[in-house]
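Below is one structure, written out as structure tokens; the observations come after it.
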Amino acid sequence: MTLARGPVSERVGSLLTDVLGFPIDADALADGTSLRGQGLGLDSVDLVALIVELEQAFDVSFEDDELAGAVETFGTLVAAVQAKIARASCPPTAVEEMA
């Protein structure tokens, strides 16, 4: 199943192909495409480079514990980036303002 192409998934796909130099068609990436092993075959160095590029491209920051499930498939990675962007753009709640 291929993700509905939006700006986040397109940018993540282009980072994989253009910035990291993986010879894949970004449009062919499905949400279930594994980032490691038999999928894209990214190793730990590739994953670190990808996360750094994502943080810079989307002006977000990932904590180590947030990445555990996020770097399994293309879909989980896009979802993690989308969630980070959404949290960064949400105004603080009244409770947070009172703290």
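FYI, it's all coordinate maths here, none of it is from the lab. Here the structure is a predicted model, which means the values were calculated and not measured. Ideal geometry is used to build each Cβ from the backbone, glycine not excepted, and the neighbour counts take in all protein chains shown.
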One checks the Cα atoms of the range 7-93 and finds Rg and Dmax, in Å, of 12.5, 44
So how do Asp46, Asp27 line up by other beta-carbon neighbours within 10 Å, fewest first?
Asp27, Asp46
Pairwise FRET efficiency - Asp64 versus Asp27, Cβ, R0 = 35 Å, nearest 0.05
0.70
Trypsin sites (Lys or Arg not before Pro) within the range 1-64: which are DSSP loop residues with at most 16 other Cβ atoms inside 10 Å?
Arg5, Arg36
